[in-house]
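See structure below.
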Amino acid sequence: MSRRNVASEDQEPDAKRAKSSSCTVAAAAPASLGISRGCGYWQDPVQGMASSRHEFGEHGGVNMSIEASATFTVMEAETLGKLFAGELGPDMDFYIYSRHFNPTVLNLSRQIAAMEAAEAAYCTSSGMAAISSVLLQLCSHGDHIVASSRLYGGTHALLSHFLPRTSNITTTFLDLDTFDDHAHVNTIVRAAFTPSTKVLYFETISNPTLCVADIPLLASIGHDMGAIVVVDNTFSPIILSPIRLGADVVIHSVSKYISGGADVIAGAVCGPASLINSMMNLHQGALLLLGPTMNPKVAFDISERLPHLPLRMKEHCNRALFYATHLKKLGLKVIYPGLEEHPQHSLLKRMANTGYGYGGMLALDLGSKEKAYKLIQYLQNNVQFGLMAVSLGYYDTLMSCPGSSTSSELSEEQQQETGISPGLVRMSIGYSGTMEQRWSQLYEALTHMGLLSSSSSAERRIKVGSRRRTLNDRHLHPRVNLCLSSSGRLR
Ligand SMILES: Cc1ncc(COP(=O)(O)O)c(C=O)c1O
């Protein structure tokens, strides 16, 4: 509630306002940025978010107001000059123009920074905008990046095609996630660095093969080699806190779990205040000059969802672990970092914040594209288990075959090398419906497809909570109630 009516007679002059402003920032935050570090010692993302400033609405509303203005007025003409010279800024409640800082976007950014234990953050119009802006801020023409070969297809294409073509920024890809010998990792990763390497880049849990990166180890190698360590935490918000584990910068595709609604495209960059400030610099800043700006109305929507992200993550993880455990018992080839036999299970357990789980994504390898297509189609159109769609973090289960969709940017050979087999089905496990109902639907589809051996019938009996029921009991097997159009599409 910091605002006064500009038109009113008791309007404070700008100079007085700058001195007396009650607004916003912790003393530790740098001038011109206005990012709060939150109060107290950061222990956990939930604690971090709860310790960050609660922004009230202009009229005392429990929710912040939406500052929908593209531009901002001042009381004295000379103030604009001071704003452009960087003498006044959002830390003193002065704003210029919403492609630069916007109060609503800044408030969401503060919440996300608090969640990630970052000194600062700023939100963008998409995850790809966050990734490309950070890389273009940190690298100049001719620079070099060392990156994991297991990356989201869009990021892979950015690094392997777009950046070399437009900026001569090249990347050496390494299979960073499958080493189990530290000395070997050290040798291989260090050998990939050149005097021009500026960034070490990887995903916490890789899309779509669900390999888990050893963040402390990679961060220490990156730092030893003089690089900035940039980590995409899209698959594991709340679960992993890469900055606490040694990373410098965290990227999010906010479009996924953080949003949870599959209704907006958004992103965030979290890291040192000096980086965020440099990205907003009027002459050199990638966020300001490339302009991937988040709409304040979107920022408001996301800010309302952030407080229940931990609860949503717990349920995504809880259900994913349940399905993975039972699919494994059925003899299916399931990839899930929560399973003990996953190669990085104990690493994830060591790194993860306690009590949230091991991720909401699982992958099933059915051996062939035909089987994979048939299964996801049956799961959607016949038993209503989930939806055939890319993306993740939605309340309903989303299913896709990455080889022909989100990782189709990779060549066949690259897919093979990184474990993306043609029969791989990626599932973002949702939490709608009851667990019994969803398992029953999944089980029916697997049976219909002939994917279960006869010995797997024991798994028809599952225990959810304290109840033990047989899955083909009528009350656990509601009639699928699809509305199909004549083309067979769901309505
Ligand atoms: C791991 C990861 N990072 C980044 C992105 C890009 O995010 P956006 O679609 O918000 O641009 C995606 C998109 O699927 C992703 O899966």
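No value in this document is a laboratory result; all are computed from the given coordinates. Not measured: the values here are computed from a predicted model. Backbone-built Cβ (ideal geometry, glycine too); neighbour counts: all protein chains shown.
Structure data summary
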{"item": "Computed Rg/Rh of the stretch 111-307, alpha carbon atoms with Kirkwood Rh", "result": "0.95"}
{"item": "Neighbour-count ranking [beta-carbon atoms within 10 angstrom, fewest first] of Ser391, Ser274", "result": "Ser274, Ser391"}
{"item": "Cβ-placed point charges (K, R +1; D, E -1), dipole of the stretch 309-476 about Cα centre in debye, nearest 20", "result": "840 debye"}
{"item": "Proxy reagent accessibility, fewest Cβ within 10 Å first, across His342, His161", "result": "His161, His342"}
{"item": "Equivalent ellipsoid, the stretch 309-476 (semi-axes from 5 times Cα gyration tensor eigenvalues, Å)", "result": "23, 21, 16"}
{"item": "At 1.567 mPa s and 4 °C, Stokes diffusion of the stretch 225-286 via Kirkwood alpha-carbon radius, µm² per second", "result": "101 µm²/s"}
{"item": "Using a Förster distance of 41 Å, the FRET efficiency for Met449-Glu304 (Cβ separation, nearest 0.05)", "result": "0.55"}
{"item": "R0 of 41 Å, Cβ-Cβ distance Glu78-Lys297: FRET efficiency to nearest 0.05", "result": "0.80"}
{"item": "Fewest-first sequence of Cys317, Cys123 by Cβ atoms within 10 Å of each Cβ", "result": "Cys317, Cys123"}
{"item": "Charge tally in the Cβ shell below 14 Å around Thr155, where Lys, Arg are +1 and Asp, Glu are -1, Thr155 excluded", "result": "-1"}
